[in-house]
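Structure first, then comments.
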Amino acid sequence: MIQLKKLFLSIIVLLLTGITAFSQDPHFSQFYANPIYLNPAFAGTAVCPRVVLDYRNQWSSIPGDFATFSASYDQHVDNLSGGLGLIATSDRAGDGSLLTNTISGIYSYRLEVNRYFSIKAGFEASLYQKSLDWSKFTFGDMIDSRYGFINASMEKEPHQSRTLADFSAGLLGYGESIYGGFAVNHLTTPSESFYGGGVNAPLPMKFTAHIGGIIDLEKHSRRRKVDDPTISPNLLFMAQGKFSEMNYGIYYTKYPMVGGLWFRQGITNAKNADAFIALVGFQTSVMKIGYSYDFTVSKLTNASGGSHEITCSMQFGCHPKKKRIRAINCPSF
């Protein structure tokens, strides 16, 4: 079983290091729990300092599953007329055979159009490193028909680490009950090839568009109260390389509990259903904790083990501003 697992990982690395190869970004299902990963324009939208921790384990029943960790900090800064953010991500594929670490700095400029609507433009600069553990890979020429994996491989060993710079940008608009935005990641499409020497392995740009709203189920003559029950319908589109998907979601909030359901499908084929995402969250004025599970409904089936995701965010207080800054009102999971 161990040898089969290593062979499976070897196939992955050959796809990643071939003459022409493409890879994709790690995928989170609690989109709004990790806002500045979704769109850099979200930096500072909570106004006061915010810390977010995110862990995702994808396809846990398949050898060489994917585990992704993310930690971020952001806040609004009056003197900069916008927000600052910092996010670090670590993505592990194949029990550490392929590891990607990223750290990004973000600035988002805020423009208040009027008392009801604001626009933010976000800019992100990233430094990321991809590394291979070559000792964990096995290849066909290592197999002896009688004794198994005993031969030395003739496969050319690539460079086992690449460090690259990258840039992203995003735009966000929001009011009291509606929000939407657009982001483009990997504007320079840096090459991820471990071999170099003209090998083409660009990281494709990722396009994200999202829109949603908050519907108060209680009618008030004044502003919505924190404990009012609400529903929040959402649409989210993502495309990277040859792959694209549409996500349809809805949240129900009755403070302090939140429940949500999303459906994800490829948009090139209406029958290309991927997963249902069910989530539950608990929130206070300081902390939010969420758990979600992806029920795989594609041909991969739920034999993959689905995907588990846990998020925790902490919202800190800050001194009152001379001029009130509108915080975005959108889901937190």
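In this structure, Gly173 qualifies as crowded, with 16+ Cβ neighbours inside 10 Å and either at pLDDT 85 or above or over 30 Å from Leu111 (Cα atoms) (or both).
Which residues, counting only those in the range 98-127, are at pLDDT below 90 and either of a type in the set (A, V, I, L, M, F, W, C) or in contact with a helix residue (DSSP H, G or I) (Cβ under 6 Å, 6 or more places away or on another chain) (or both)? Correct list: Leu98, Leu99. Which of the residues belonging to the range 268-282 are of a type outside the set (A, V, I, L, M, F, W, C) and modelled with pLDDT of 95 or more? Within the range 268-282, Gly281 is the sole residue that qualifies.
Residues in the range 187-212 that are surrounded by fewer than 18 Cβ atoms within 10 Å (Cβ to Cβ) and either without any contact (Cβ under 8 Å) to a residue 40 or more places away in the chain or more than 19 Å from the chain's Cα centre (by Cα) (or both): 16 in all. If only residues of the range 44-67 that are of a type in the set (S, T, N, Q) and modelled with pLDDT under 85 are counted, the one that is surrounded by the most Cβ atoms within 10 Å (Cβ to Cβ) is Gln58. Tell me, please, whether a residue that is surrounded by 17 or more Cβ atoms within 10 Å (Cβ to Cβ), at pLDDT 90 or above and either under 30 Å from Phe282 (Cβ atoms) or touching a strand residue (DSSP E or B) at 6+ places or on another chain (Cβ under 9 Å) (or both) can be found in the range 128-136. No, the range 128-136 has no match at all. Of the residues Ala41, Ala71, the single one that is part of a strand (DSSP E or B) and either out of contact with any Phe, Trp or Tyr (no Cβ under 8 Å at 6 or more places or on another chain) or crowded, with 21+ Cβ neighbours inside 10 Å (or both) is Ala71. Residues that are more than 17 Å from the chain's Cα centre (by Cα) and among the hydroxyl-bearing types (Ser, Thr, Tyr) within the range 42-58 comprise just one, Thr45. Taking the range 76-96 only, how many residues are closer than 17 Å to Arg50 by Cα and under 19 Å from the mean Cα position of the chain (by Cα)? Qualifying residue count for the region: 6.
In the range 225-268, the qualifying residues are those that are among the hydroxyl-bearing types (Ser, Thr, Tyr) and over 17 Å from the mean Cα position of the chain (by Cα), and the one that is farthest from Ala209 (Cα to Cα) is Tyr255.
Of the set (1) closer than 26 Å to Glu124 by Cα; (2) surrounded by 14 or more Cβ atoms within 10 Å (Cβ to Cβ); (3) modelled with pLDDT under 95, all apply to Gln265 but (1). The single residue among Phe167, Phe194 that is modelled with pLDDT of 95 or more and in contact with a strand residue (DSSP E or B) (Cβ under 8 Å, 6 or more places away or on another chain) turns out to be Phe167. When residues of the range 100-124 are filtered for being among the acidic types (Asp, Glu) and either crowded, with 22+ Cβ neighbours inside 10 Å or closer than 17 Å to Ile87 by Cβ (or both), how many remain? Count: 1.
The values are calculated or read from the model by the stated rules, or taken from the named source; none is laboratory data. Note that this is a predicted model, so its numbers are computed, not measured. All Cβ positions, even for glycine, are placed from backbone atoms using ideal geometry, and neighbour counts span all protein chains on display.
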